[in-house]
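Remarks on the structure that follows.
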Amino acid sequence: MRILILAGKDVDGRDLDLLPEGCARTVVRLTSVSRGVRRLEKDDADLVLFVPDVGDDSWPRAVTRVRGEYGRQAIVLVREPGLEAEALAHGAFDCYVLGPGTRDYLAHGLLHLEGRLSLEAQLADERAMLDWMERTDVFGSWVMGRDGDIRWSEGLHRIFGPEAEPGRRLSGLRRHVHPDDLEVFDRANEATFDQGWPLDFEYRAVDGDGKVRHLHVNREVELDPNGGVKRIWGMARDVSLQKEFEELLFRRDAILQVLANFASRFLRKADWNEGVGEALAKLGKVADVTRIYLFRKAIDASGAEILALQDEWEADWIAPLGGMPDLLDLPISPLYDTWRGAMLKRKVVTGHVRHFRKEERAVFSSTGAKSVMIVPVFAGNVWWGFLGLSEHRRERDWLPVEIESMMLAANLFGSAIHYGEMSRRLVEANRSAEEASSAALEANMAKSMFLANMSHEIRTPISGILGMAEMMVTTGLTEEQREHMDMIRDAGKSLLHIINDILDISKIEAGRMELKPRDFTFRSALETSVRSFGPQAELNGLVFRHDVADDVPARLNGDPDRLGQVLWNLIGNAMKFTPRGLVELIVEVVARKEGRVCLQFKVRDTGVGIPEDKLDAVFDSFTQADSSLRKKHQGTGLGLTISRQLVNMMGGEIGVESAVGKGSTFFFTAWFGPAETAEPEPVQARPRSPRALHLNILLADDNPMNRKYLQHFLTMFGHTVVTAENGLEALEVLRDRGRTVDVVLMDVQMPEMSGLEATRAIRESDGRQYDRRIPIIALTAYAMKGDRERMLEAGMDDYVSKPVDMHALSEAIVRCTEDREPSGGRVCRPAPPEPAAKALEVTLDVDGLRKRFEGNMDLYRDILDLFLLEAKVKREALEQGLADMDPKGTAAALHSITNIASHVLAMDLVHLSRQLEKKCYCGEMEAVKAGVAELLPRFDALVRAVAKEVARL
């Protein structure tokens, strides 16, 4: 403690040596001690000790200044007794009368003061930390005592404004509540202040600037022994950004749905104009703009380039551009030469109209637009025109996700226009065989290009959405948040299923769908195809059974995957439209010819049935028996169309018999050849665990959302990840640190340099700049025939399609690195088996965990403590699920064990738990029970190892 002693001129020097040893002191002698107070402007003393001369009455004023102006502590030593009360009244920490016991009193007082200063410093640090947390996480808190007065933090002032006051029972906040949420706010106050209920709810508030904020509120109530309210406290967090993000996700999903519908329409009809008006109307509504329009490039009578209005949609209260003659045909040069140059470079033009140049501003101002977005449309490689959006209600700052969605829309319009143009040329070229052949090839290439682009452009954002949803699930969500994430994930999967159906039917129509016949064991393949319908039927209260006639050969030659796809569609439909009763599959031999066999498959249900007038149309594309707006069952109407085409490819026919209220029977035949190979001998499966848990991985992907969630999961699995946004950046990383990279995950389509070009550069190098043998795994949203072969030919070692399944990616990483020693990190090998009589022990990967948490020992300890808390609960849940033979409960418990085991890098346990979880969903509970008997000792050993590490810390 640093002490400044202000002593009188006549004070005995012995009275200044009363301080204990170890105190840093500065002594100043003055005729009037108050004159020394200003030394605190240069001296950082913690305490001022006043020892005034007898008769110096300036010390009370000096004590007041020390406390009030400088915030320091003061102690007074006097010779006359009776001055203690006056000293304390002026703010002194203590006052002592000089005498024999002064040294001990002073030492005791200094000890108390030092403890008080320490507590005050700690309290100041905690307040600063709380203030930082409130500013960072945008929340505030309040507390109310028995007297009813409410004290609240600075965080609430930041949310509601500096002038806001809480008032009694938070009545002062009522004027800030959004009018539509006043009833929620009032009911919450009644529940908290009148009934003493803790609450967790949300409402909207309007701050002093008129901005609407979404608040998530938590309130807790402490009752006294008599049941009365003793204390109430609460916290409000601003979740506006989260709400905006959720809204953007739903808006993007709606835009993708509109584009998918438009794509399916123009794939069936070459005239793209037929659906563009409807697509623009839906796009304008889901994008929440007041006008959306298409302008195409044309040539006027003088030969000059103009922009002509093609189509538009506007809000009801907006005048259409079609009624403004001056805006129907806009000359490009010289007024819009700058915009033309930007669009030729495929750049998007956005901004507020008032910021445009005077000449440019005049056109948009005449329409009343305040903000615009202009997105170029290219038909093939030719600039066709632009897709424009206008906002008339307010100035709008276009978000990156909105710009990206509209670029996707413009690409699809361009592909549709290109395809339509190619189709038109094809019709004209039919006049001669040579012209027809050339145009057909070009149109087919355009359609293939569109299918590939649609697959990539739509699958890529869906991959990001699904990946971010999966990532959010691992971040400790509440049950309600987990439910919301599951809804987003299910919506993304549904959209992906629609895209896959569209691609399948398009590939079939284009003649690009081929069967891949091979020898297979029929009953085993059939069991695999229908296995998942058993638990589904049990869950819905249905009976599902299947029967194969004895004369059906054990092994056949055909395509079991496409056969399974047909059965999946038919049985899935039967399950969907059967509220109660039976779904049955029967397989019989109906013909044999020259060693080949024709099988008939019947799928019978006791469901709602199909009206007779709908039977002929159920196999048509995009057709459903119930197409009303109030239909109960969703779908694209493509499943039966695809099934019919696949059955035809297998040499068979498909049909249906049905009666309303009695059920339906779908039947089809398929020809199979004789198997040329015998059934392979069963091989004892050996579990293969990843040899290296700590790999250095280079992830190259131009989509930031994909990079974020892939980096999250790969890091969670124990890997170190470095990222690149394109092929050039990937080559730079490999050039700088290539010898330390174990595997490359390479997106195929990226700007500046694609993944295929980067891979060729690595494989064709001389080995000095790049490791030519480094494993490269393709990550791509392309799903057309030949894509996999094209990537492998470029030098890639493996292929994982988007949306990326983390299990499939992990398997690919294991395959590509199993014969390669890691360049850095630890290699984890299976431990030798312990003697049967000895308890199983597990060694915790402490080095890997510390490296993962980058030396943050507090976080490391928190993760281990959290694991121990969760482990007991999850183990009990697993045992309860097995005792009840409940597949769903057991699967949920295994999923939780997978998550917490991955947090401590117990990847062998993660692998086993995942396998058992999958068996739960297949209804193999006896196999699960046996597997859990192997899992639990290993899990218990892991818990002991973690507890041992916690005790060591």
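Conditions tested, residue by residue: (1) modelled with pLDDT under 75; (2) buried (at least 19 other Cβ atoms within 10 Å of the Cβ); (3) more than 15 Å from Met746 (Cα to Cα); (4) of a type in the set (A, V, I, L, M).
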residue	(1), (2), (3), (4)
Lys785	yes, no, yes, no
Met791	no, yes, no, yes
Ala794	no, yes, no, yes
Ser810	no, yes, no, no
Cys816	no, yes, no, no
Arg820	yes, no, yes, no
Arg826	yes, no, yes, no
Pro830	yes, no, yes, no
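You will find that of Ala24, Ala87, the residue that is closer than 20 Å to Leu106 by Cβ and surrounded by 13 or more Cβ atoms within 10 Å (Cβ to Cβ) is Ala87 and no other. Of note, Arg116 does not satisfy the criterion of being closer than 28 Å to Gln242 by Cβ and of a type in the set (Lys, Arg). Is it the case that the range 59-68 has a residue that's in a loop (DSSP other than H, G, I, E, B) and either of a type outside the set (Ser, Thr, Tyr) or assigned by TED's automatic domain parsing to the domain that holds Asp104 (or both)? Scanning the range 59-68, I find no residue that is in a loop (DSSP other than H, G, I, E, B) and either of a type outside the set (Ser, Thr, Tyr) or assigned by TED's automatic domain parsing to the domain that holds Asp104 (or both), so the answer is no. Out of curiosity, is Pro320 closer than 22 Å to Gly284 by Cβ and free of Cβ contacts under 8 Å to residues at least 12 places away in the same chain? Against the criterion (closer than 22 Å to Gly284 by Cβ and free of Cβ contacts under 8 Å to residues at least 12 places away in the same chain), Pro320 qualifies. Within the range 516-570, can you find the residues that are under 33 Å from the mean Cα position of the chain (by Cα), of a type in the set (Ser, Thr, Tyr) and not in a helix (DSSP H, G or I)? Once the filter is applied, which keeps residues that are under 33 Å from the mean Cα position of the chain (by Cα), of a type in the set (Ser, Thr, Tyr) and not in a helix (DSSP H, G or I), the range 516-570 yields only Ser532.
Of the helices (runs of 4 or more DSSP H) lying entirely inside the range 83-199, those containing at least 3 residues that are closer than 30 Å to Pro60 by Cα span 84-89, 102-137.
Is there a residue in the range 31-45 that is of a type in the set (A, V, I, L, M, F, W, C) and outside any helix (DSSP H, G or I)? Yes, the conditions are met somewhere in the range 31-45. Among Leu905, Leu866, Leu916, Leu912, which is without any contact (Cβ under 8 Å) to a residue 60 or more places away in the chain, surrounded by 19 or more Cβ atoms within 10 Å (Cβ to Cβ) and not assigned by TED's automatic domain parsing to the domain that holds Ala808? Exactly one of Leu905, Leu866, Leu916, Leu912 is without any contact (Cβ under 8 Å) to a residue 60 or more places away in the chain, surrounded by 19 or more Cβ atoms within 10 Å (Cβ to Cβ) and not assigned by TED's automatic domain parsing to the domain that holds Ala808, namely Leu916. Within the range 739-761, restricting attention to residues that are part of a helix (DSSP H, G or I) and among the charged types (D, E, K, R), the residue that is surrounded by the fewest Cβ atoms within 10 Å (Cβ to Cβ) is Arg739. What are the pairs, 6+ residues apart or on separate chains, where a residue within the range 219-248 that is surrounded by 14 or more Cβ atoms within 10 Å (Cβ to Cβ) has its Cβ under 7 Å from a residue that is assigned to a helix (DSSP H, G or I) and among the acidic types (Asp, Glu)? Taking only residues 6 or more apart or on different chains, the pairs are Arg237/Asp137. Among the residues here, Ala89 qualifies as over 21 Å from Leu117 (Cβ atoms) and either over 60 Å from the mean Cα position of the chain (by Cα) or modelled with pLDDT of 90 or more (or both). Listed here are the strands (runs of 3 or more DSSP E) enclosed by the range 283-389 that have at least 2 residues being under 25 Å from Asn273 (Cβ atoms) and among the basic types (Lys, Arg): 291-299. Criterion applied to Ala537, Ala625, Ala549 was being of a type outside the set (Phe, Trp, Tyr) and modelled with pLDDT of 90 or more, and the one residue passing it is Ala549.
Taken together, the criteria place Glu246 among residues that are over 30 Å from Asp311 (Cβ atoms), assigned to a helix (DSSP H, G or I) and modelled with pLDDT under 80. Summed over the range 1-30, the residues that are hydrophobic (A, V, I, L, M, F, W, C) and in a loop (DSSP other than H, G, I, E, B) give a count of 5. Scanning the range 319-331 for residues that are at pLDDT below 80 and surrounded by 15 or more Cβ atoms within 10 Å (Cβ to Cβ) gives a single hit, Leu327.
Somewhere in the range 599-607, is a residue aromatic (Phe, Trp, Tyr) and within 16 Å of Arg545 (Cβ to Cβ)? Checking the range 599-607: at least one residue is aromatic (Phe, Trp, Tyr) and within 16 Å of Arg545 (Cβ to Cβ). Just to be sure, is Glu402 closer than 16 Å to Asp288 by Cβ, charged (D, E, K, R) and buried (at least 17 other Cβ atoms within 10 Å of the Cβ)? So Glu402 passes the test.
Here's the yes/no breakdown for (1) at pLDDT 85 or above; (2) of a type outside the set (A, V, I, L, M); (3) surrounded by 15 or more Cβ atoms within 10 Å (Cβ to Cβ); (4) under 26 Å from Gln481 (Cα atoms):
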site: Gly155; (1), (2), (3), (4): no, yes, yes, yes
site: Ile159; (1), (2), (3), (4): no, no, yes, yes
site: Glu163; (1), (2), (3), (4): no, yes, no, no
site: Leu173; (1), (2), (3), (4): no, no, yes, no
site: Arg187; (1), (2), (3), (4): yes, yes, no, yes
site: Ala191; (1), (2), (3), (4): yes, no, yes, yes
site: Asp194; (1), (2), (3), (4): no, yes, no, no
site: Ala205; (1), (2), (3), (4): yes, no, yes, yes
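Screening the range 222-243 for residues that are part of a strand (DSSP E or B) and more than 23 Å from Met133 (Cα to Cα) and picking the one that is modelled with the lowest pLDDT gives Val229. For the range 288-298, a tally of residues being touching a strand residue (DSSP E or B) at 6+ places or on another chain (Cβ under 7 Å) and over 18 Å from Val377 (Cα atoms) returns 2. When we screen Arg580, Arg596 for residues that are more than 29 Å from Ala891 (Cα to Cα) and over 36 Å from the mean Cα position of the chain (by Cα), the only hit is Arg596.
The values are calculated or read from the model by the stated rules, or taken from the named source; none is laboratory data. All of these numbers come straight from a predicted model, not from anything done at the bench. No Cβ is skipped: glycine too gets one built from the backbone with ideal geometry, and neighbour counts run over all protein chains shown.
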